[in-house]
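Right, one structure below, let's go through it.
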Amino acid sequence: MKKYITLMLLLPIAIAAQERILKKADKDFEKQSYISAIKIYKDLAENGMVSDQIFEKLGDSYYNTAEYVDAEKWYTKRYNLRGTFPPEFLYRYGQSLKSAGKLAQAQEVLDQYIKEYSTQLRTAKYIKGTTDRNKSIKKGSDSFVISNLKTNTKYSDYSSSLRGDTLLFASARPREAGNQAYAKTGQLFTNLYYS
C-alpha cells in the first residue's frame with residue numbers, strides 16, 4: 001500500500017518535470033537551435049514519451065539540419081500515429097523518404113500531399129518540376145561526372161565560384177581562432193577559403 005501511495009505522490013512531480021523539459025525543447029526549436037532541441041526531444045521520445053508533436057518536431061529539426069535520413073525515421077513515427085497532417089509535414093516527409101531511398105513510399109506520401117493540398121502553389125511547381133527534372137536527367141545523364149575535390153571536407157563546403165584559376169568557396173571547417181558553433185546546425189560559422 002505504501003508503494004502505491006508513494007507512486008501516486010511522485011507521479012505529478014515526474015509529469016511536471018517532463019512538461020518543463022518539453023517546454024525547453026519547444027523554446028530551443030522556436031529559436032532554431034535545432035541541435036539542442038534534437039537532444040531533448042530524442043531523449044523524451046526514447047524514454048517512452050509518444051507524441052505527434054515530439055515526433056514531428058524531431059523530424060523537422062533533423063530536416064532543418066539537412067539530416068534527411070534521421071528526419072525520415074521520426075516523420076515515419078509521426079505518420080504512423082495517423083490523424084491530419086499539415087501540408088509542410090507531408091511535403092518534408094516525402095522528400096525525406098526520397099533521401100532515405102524509399103522512393104515508392106515517397107511517391108505515395110507526395111501523391112497524398114498533391115491530393116489533399118492541390119490548390120497550393122508548391123503543388124503545381126512540384127508537378128512541373130518533377131516532369132522537367134525527369135526529362136533533364138534523361139537528356140543529360142551522360143554529360144557530366146561528379147567527383148570530390150581535394151579541398152572538400154566532411155564539413156559544409158558550398159557556394160563555389162571560379163575567379164581566374166582560383167576556386168573561392170565557403171566552408172564550416174575548423175580554423176585556428178574563432179570556432180564558434182551555429183546553434184541551428186551545430187556546425188561552425190562559415191568562412192571564405194580559396195584553392
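The values are calculated or read from the model by the stated rules, or taken from the named source; none is laboratory data. Nothing here was measured: the structure is a model prediction, and the numbers come from that model. The area values use the complete protein model at the heavy-atom level, side chains included, leaving out ligands, DNA and RNA. Shrake-Rupley method; radii C 1.70, N 1.55, O 1.52, S 1.80 Å.
Values as computed for the structure displayed
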quantity	calculated
Share of carbon and sulfur in the accessible heavy-atom surface of segment 72-124 [1.4 Å probe, %]	51 percent
Solvent-accessible area of R173 with every protein chain in place, 1.4 Å probe, in Å² to the nearest 10	40 Å²
Residue pairs, from the table K23/K77; K23/K57; K27/K77; K31/K150; K42/K184; K23/K154, whose Cα atoms sit over 24 Å apart	K31/K150; K23/K154
